[in-house]
Each structure stands twice: as structure tokens, then as C-alpha cells.
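Below is one structure, written out as C-alpha cells; comments come after it.
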Amino acid sequence: MKFSTLKRHFKEGARNTWRNGWMTIASIGAVTTTLILVGVFLVLMLNLNHIANELEDDVQIKALIEVTAEESDVDQLEENINNINGIESIDFSTKEEELENLIDSMGEQGQAWGLYEQDNPLNDVFIVKAEDPLETERIAAEIEEFDFIYRVNYGQEYVDTLFKFNEYARNVGLVLIAALVFTAIFLISNTIKITILARKKEIGIMKLVGATNNFIRWPFFVEGMFLGVLGSVIPIAVILIGYYFLTQNMAILQQFNFVTILDFYPFALQISLIIVGIGASIGVWGSLMSVRKFLKV
Amino acid sequence: MIKMQEVYMTYPNGVVALNGVDVTIEQGEFVYIVGHSGAGKSTFTKMLFREEVPTKGSVVVNNTDITTLKWKEVPYFRRNIGVVYQDFRLLPKLTVYENIAFALEVIEESPKNIRKRVMSVLDQVGLKNKARFIPDELSGGEQQRVAIARAMVNHPSLLIADEPTGNLDPETSWEIMRILEEINASGTTILMATHSKEIVNTVKKRVIAMEDGMIVRDEHRGEYGYEV
């Protein structure tokens with residue numbers, strides 16, 4: 001295609017976008033609504049994912065060793081655990097270290113536990129991490145079978161619930177986003193269909209003087225893209241501002257070592273690009289869908 | 001130039017538009033197609049630029065058989081044919097100049113050439129001084145001249161005019177006829193469907209008369225032959 005032709009298509013597309021007035025605003029409104037919802041969902045989903053991954057990484061198995069175990073038994077045990085498939089790391093922690101951790105984690109109140117330093121009721125433990133956090137349950141079960149294991153802790157219920165919730169949230173989010181995108185495409189294609197009807201005469205003349213279908217299609221393609229991109233401006237602004245405030249407030253929470261969310265940069269940039277991309281695709285797809293019918297020779 | 005053989009055309013609703021048409025038209029001819037409404041004139045002319053495809057038979061225009069033409073080739077085929085309608089079919093929001101330039105833009109002519117050719121064809125139809133007007137500011141005759149200019153700007157070898165004077169008063173009609181004759185004199189084949197007895201009987205040309213989808217009369221320097 002010649003550059004002058006491309007320029008013409010863009011000029012034509014822009015002019016049509018402008019000329020269609022209220023229809024343009026209606027289409028942009030549809031895209032805007034969709035993209036705000038899609039954007040909020042994406043932000044929620046990606047952060048949930050992030051939090052889940054973080055928590056998953058924190059999941060570890062504490063294998064409490066019987067107090068009666070000799071040093072050689074402990075060595076044998078370590079070797080056995082190491083032989084299990086899918087182990088990322090194994091650390092040994094003495095009961096003294098365990099008590100210290102416990103006291104530290106409880107702050108002021110923990111001082112009371114100091115009394116136990118002379119007669120420590122805790123066990124030595126192996127702290128085991130799985131390569132894939134989803135394997136935790138299986139590995140824990142295997143460790144539990146070994147001799148000299150008193151008990152295995154990994155917060156079963158907590159971990160299982162987290163995994164289930166994660167998967168559930170992901171699926172629901174994806175289905176909702178797909179439904180929203182579909183609705184927006186339908187709305188745009190209907191809007192452009194109306195504008196095409198208004199330009200039926202023009203298309204007829206174009207065909208009469210020998211315009212190719214691609215040539216006729218281009219301005220509509222450009223118009224759809226404009227509608228999509230214009231429709232993504234407000235959603236991006238809303239999400240950038242909203243997320244900025246969220247990260248500012250989370251920063252305060254994070255001081256208390258709660259869950260973290262994704263940093264503003266580069267996440268905000270990525271999400272903006274995704275939103276523009278989805279907007280433009282919705283617009284282009286919608287417009288091409290409606291033009292198709294009018295181009296049958 | 002144009003060769004129709006055993007052409008039949010039945011619309012999906014069962015209406016028989018053409019019922020065995022055989023005709024040959026040579027390059028440079030000026031032909032009137034006459035006949036009552038519904039006699040098949042429109043279908044006949046539409047086939048020449050492949051707006052319609054026959055249900056049976058062959059239609060060859062400019063050595064191209066439209067029945068075997070791939071739809072992707074149709075636009076290129078049409079660039080060699082100009083079409084003018086009774087209702088002008090100009091774009092109301094564009095100026096005269098833009099309306100004609102439009103026909104060249106869509107076939108991706110260079111801006112420099114577009115300017116040159118539009119001005120030249122405007123000169124040919126005598127509307128150079130009205131280039132910046134929009135169609136509504138022109139008389140019917142002038143609008144039809146713009147439509148002719150748009151059809152001619154590609155230098156087509158065939159010009160199809162479907163009742164070009166149908167909406168015009170007699171005086172303006174003669175003006176359009178004079179322009180069409182000039183175009184014909186430069187070698188372009190002209191096919192004109194018309195209901196104007198006066199024109200057919202005054203500007204003598206070949207006359208093809210149609211009835212019930214068939215050619216019932218084909219004579220050189222013919223008469224209109226129907227009572228109006």
C-alpha cells in the first residue's frame with residue numbers, strides 16, 4: 001500500500017469517527033465500561049496470583065523429630081527425606097533455635113516463654129520446602145511415614161484452602177473477562193453496522209469505481225481501532241490513579257509484614273498496555289465483523 | 001468488446017429477467033437499449049459490470065468472461081468500465097472535485113496524477129469553474145455532468161449510462177447527449193438505457209429493443225418504436 005493511501009485511510013477513519021457523533025460516544029462508552037471492569041479484574045487477578053505465589057513460596061513442611069532419636073538416626077532421616085522427589089531444600093533446626101524463633105515472633109509476650117529455656121518442650125525439626133508448592137501435601141505424607149518422625153506440620157487446611165481459592169478466582173475471573181469482552185465486541189460491531197448503513201451509498205460508489213474490498217475495509221478498521229483506543233483512555237486513568245493510591249496505602253500495611261501487592265512500576269505500565277491492546281482488538285474485531293456482510297460482491 | 005451468448009437470468013424469487021439474449025457490440029459503438037420497465041434493460045446493463053451474474057450463458061466484456069471472473073478480480077475489471085445513473089449517485093458532502101477525485105483515490109492513483117486528471121475531465125464536461133461546489137449547489141444537468149466526469153476519469157473503454165437523462169428537462173438532456181457523443185467520438189463504447197423517444201429518434205444510433213427478457217429488435221440508426 002502506498003503511504004498516501006494509508007494516510008487517506010487514517011484521515012477517513014478519523015473523520016468518520018468524528019462525524020458519527022453520538023454513535024461514536026456510545027461505542028466508546030461501551031468499550032470504556034468493559035475495559036474498566038476488565039482492568040479491575042485483571043488487577044485483582046494478577047495481584048491475587050502474586051499473593052498466592054508469595055504465600056505458596058512460604059509454605060514449608062516442619063517435620064518434628066522424636067526426642068529419642070540419636071544423632072545417627074537424624075542423619076539417616078535427613079538422607080531419606082533428601083531422597084524424596086521434588087524437594088527443593090532441607091534445613092535442620094535445633095529445638096533451641098526453634099524456641100528462639102518462637103520467642104522472637106511473639107514480641108513482648110514471648111518473653112514469658114523464656115522460662116522454658118532450661119527445660120525445652122520443643123523438638124528438633126527438619127524444615128523442608130517443595131520445588132512445586134502444590135506437591136507439599138504428598139511430600140508431607142511421605143515424610144510422616146519415616147521412623148523417628150514425631151509429627152509433620154504444614155498448615156494443611158490453610159494451604160489447601162488457599163490453593164482452591166486461587167484456582168477458583170482465576171477461573172471465575174477468566175470467564176467474566178471473556179464474557180465482558182464478547183459483549184463489547186458485539187456492541188461495537190452493532191454500532192459500526194449502523195454507521196456503515198449510513199455510508200452504504202458511499203460503499204456502493206466505491207465498488208462501482210473499482211475499489212478493492214481491502215481498500216473499503218481499511219477506514220472501518222481504523223475507525224474501530226480509534227474507538228477501542230479512545231475507549232481505553234478513561235479505564236487506564238482510573239486504574240493508574242486507583243492503583244497508585246492502593247500501593248501508597250499498602251506501603252503502610254506492608255510495614256507490618258502483611259501480604260504484598262505488585263509494585264506500581266512496571267505493573268501499571270504492563271496493565272495499561274494490556275488494556276490498550278484489548279481495547280484496540282475489540283474495536284478492530286467489532287468493525288471487521290460488521291463490514292464483512294457489506295462486502296459481498 | 002461485448003459478447004453475450006445464450007444468456008439467461010432468473011432471480012432467486014423466480015422472476016425471469018433475461019430469457020436467452022445473444023448480442024455483440026463492437027468497440028466504439030453507441031447503443032441505445034429501449035423497452036418498457038421490467039423488460040430486462042437493467043439486468044442487461046448490470047451484467048456488463050458484473051453487478052449480476054447470469055444463471056446460464058456467457059457474458060464477455062473486454063475479453064473477460066464475467067461468469068468465470070473471481071470475485072477478487074472484480075474491482076480491477078470494473079476500473080475499465082464507467083457507470084452513470086439516473087440519480088447521479090454523487091456523495092453529497094464532498095465537493096465536485098472531491099467526488100471525481102474519489103474514483104481515482106480508491107484505485108490508489110498518485111495525488112499528483114489525481115489533480116491533473118480531475119481538472120482535465122472537469123474541463124471536458126465544462127465544469128472547471130464549479131470544482132469547489134457541493135452537488136446540492138448544482139443543477140440536475142450539472143450534477144449529471146459530474147457523474148459522467150467521475151465515470152470517465154479512469155478513461156474506461158466502456159461507458160454504461162442507465163437513463164442518464166431520466167431526471168432532466170429536455171434542454172439539459174441535449175447537453176448530456178452532446179457530452180456523451182463527444183466521449184463516444186474519442187473511441188469509448190457507450191451503452192445507454194433510455195425511455196426518451198425524442199432522443200433516440202433524433203440522435204440516430206444503433207437501437208436494441210427488449211421485451212420480456214429478450215431482444216426483439218436490433219437495428220442500426222433505429223427508431224424508438226414505442227408509443228410514450
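Computed quantities for the displayed model
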| item | result |
| --- | --- |
| Area accessible to solvent at residue A:105, 1.4 Å probe radius, in Å² | 90 Å² |
| Distance (nanometres) between label positions extended 7 Å along Cα→Cβ at residue B:58 and residue A:175 | 6.1 nm |
| Solvent-accessible area of residue A:138 with every protein chain in place, 1.4 Å probe, in Å² to the nearest 10 | 80 Å² |
| Net charge dipole size for the protein assembly as shown [Lys, Arg +1 and Asp, Glu -1 on Cβ; Debye, nearest 20] | 6920 debye |
| Sulfur and carbon atoms: percent of accessible area, chain A [1.4 Å] | 60 percent |
| Accessible area buried at the B-A interface, both sides summed, 1.4 Å probe (Å², nearest 100) | 2000 Å² |
| Local net charge near residue A:15, Cβ-Cβ under 13 Å (Lys/Arg +1, Asp/Glu -1) | +2 |
| Surface accessible to a 1.4 Å probe, residue A:208 within the full protein complex, Å² | 20 Å² |
| Listed residues B:220, A:50, B:36 arranged by accessible area, highest first, probe 1.4 Å | B:220, B:36, A:50 |
| Å³ per residue enclosed by the Cα convex hull of the stretch A:118-251 | 195 Å³ |
| Within straight-line cross-link reach of residue B:197, lysines at Cα separation under 24 Å, skipping those fewer than 8 residues along the same chain | B:41, B:46, B:205 |
| Shape of the stretch B:68-113, Cα gyration tensor, a/c cut at 1.5 | oblate |
| Solvent-accessible area lost in complex, 50 Å² minimum, residues of the stretch B:76-120 relative to chain alone, 1.4 Å | B:78, B:91, B:102, B:106, B:108 |
| Mean Kyte hydropathy of -1.0 or more with a Cα span along the axis of at least 18 Å, helices from DSSP in chain A | A:21-58, A:156-198, A:213-231, A:233-254, A:264-292 |
| FRET E, pair residue A:233, residue A:201, Förster distance 35 Å, beta-carbon r, rounded to 0.05 | 0.60 |
| Per residue solvent-accessible surface (Å²) - the stretch B:1-111, probe of 1.4 Å | 43 Å² |
| Simple label model, 7 Å out from Cα along Cβ direction - residue B:212 to residue A:186, nm | 5.2 nm |
| Set of lysines with alpha-carbon distance to residue A:11 below 16 Å, sequence-local pairs under 8 removed | A:2, B:93 |
| Separation between Cα centres of the stretch A:67-130 and the stretch A:1-27, rounded to whole Å | 70 Å |
| Carbon and sulfur %, accessible surface of the stretch B:83-153 computed with the full protein complex present, 1.4 Å | 47 percent |
| Largest-first ordering by accessible area, 1.4 Å probe, given options B:76, B:97, A:243 | B:76, B:97, A:243 |
| Residue-normalised accessible area of chain A, given per residue in Å² at a 1.4 Å probe | 57 Å² |
| Using a Förster distance of 35 Å, the FRET efficiency for residue B:72-residue B:178 (Cβ separation, nearest 0.05) | 0.35 |
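The values are calculated or read from the model by the stated rules, or taken from the named source; none is laboratory data. All values reported here derive from a predicted model rather than from experimental measurement. So basically every Cβ, Gly included, is an ideal-geometry build from the backbone, and we count neighbours across all protein chains shown. Note: accessible area is taken over every heavy atom of the protein model, side chains too, but ligands, DNA and RNA are not part of it. Shrake-Rupley method; radii C 1.70, N 1.55, O 1.52, S 1.80 Å.
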